[in-house]
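Chemist: Structure in structure tokens, see below.
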Amino acid sequence: MMFFKLLLRELQVLKSQSGLGLQAMAAYALMVSLFPFLLGPWPHLLAQAGPAFIWLMSLMIFLMVMPQIFQKDVDEGGIDLLRTTPFSPLMILSTKGLALILGLGLPLLLVTICLSLLYDMGSESLFFLWITLALSFPLLISFVLFGSILGASSQTAGSFFIVFLILPFTLPLVLLSLQVIEEGSLMGSFRLILALNLVMIPFSLGMASYMMRDVFAR
């Protein structure tokens, strides 16, 4: 019961920060929908460049919202409220991650599914684009949580310096996903993405949990 109350609180916090999320989503939808018209005369080039463009725009959304995830908790005393809960920092971070998946990742995936139909990609490429995005969002969110708590612990939660610090960690995931789309197979690079998820999600959340204890100790 307490877990669902915590999840509901995180969804409400995310909703209260909807201005930034809506702006990011609107910018994403605008860029992704306009790109096919820019390359309209070259459908073959559009089919080749489309997955990379969509992936980079999706990554941009998560990096845009990252500095603000803990900002409201820091500014309005939410850290004190979280400190009094019976949950461990790891459970709190996991709940925040689930809220981000439901409140940001799922809408982003639905928008992507709709807009990607504008691209002249085959059904196979579309399938692997969608499945790599869906599989990679939890890992991206774990990186976002790590970067956000890193900013909060160093009192630079609003600084985009953290964005550039986290960005290199996300590039292997993007490159592997594009390789999966090119291969059109659930073998090879796809298995590397699965392995990356299994290794890096616990690592990212574990490091974020360790830093969150420092924030709680203040």
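The values are calculated or read from the model by the stated rules, or taken from the named source; none is laboratory data. Keep in mind that what you see is a predicted model, and the values were worked out from it rather than measured. Positions of Cβ are backbone-derived with ideal geometry, glycine not excepted, and every protein chain shown enters the neighbour counts. To get the accessible areas, we keep the full protein, side chains included, count just its heavy atoms, and leave off ligands, DNA and RNA. Shrake-Rupley method; radii C 1.70, N 1.55, O 1.52, S 1.80 Å.
Chemist: Looking at region 41-60, I want the residues that are at negative phi and have a partner that is of a type in the set (A, V, I, L, M, F, W, C) and open to solvent by 40 Å² or more (accessible area, probe 1.4 Å) with Cβ atoms under 7 Å, at least 6 apart or on another chain. Which pairs are those?
Modeler: As it stands, the answer is P51/L178; A52/L178; W55/L178; M57/M31, since those pairs meet every condition given.
Chemist: Given the structure, is L115 touching a residue at least 60 places away in the same chain (Cβ under 8 Å) and open to solvent by less than 10 Å² (accessible area, probe 1.4 Å)?
Modeler: no
Chemist: Answer with yes or no whether T84 is hydroxyl-bearing (S, T, Y), modelled with pLDDT of 85 or more and at negative phi.
Modeler: It is false that T84 is hydroxyl-bearing (S, T, Y), modelled with pLDDT of 85 or more and at negative phi.
Chemist: For region 197-214, which residues satisfy the criterion of being buried (at least 17 other Cβ atoms within 10 Å of the Cβ) and under 16 Å from the mean Cα position of the chain (by Cα)?
Modeler: Selection gives M200, I201, S204, L205, A208.
Chemist: Determine whether T132 is at pLDDT 85 or above, in contact with a helix residue (DSSP H, G or I) (Cβ under 7 Å, 6 or more places away or on another chain) and open to solvent by less than 60 Å² (accessible area, probe 1.4 Å).
Modeler: yes
Chemist: Please determine, by comparing only the residues of region 44-80 that are more than 19 Å from the chain's Cα centre (by Cα) and at pLDDT below 75, which one is surrounded by the most Cβ atoms within 10 Å (Cβ to Cβ).
Modeler: Among them, the one singled out is D73.
Chemist: A further question follows. Restricting attention to region 155-178, does a residue exist that is closer than 16 Å to M60 by Cα, open to solvent by 50 Å² or more (accessible area, probe 1.4 Å) and not hydrophobic (A, V, I, L, M, F, W, C)?
Modeler: yes
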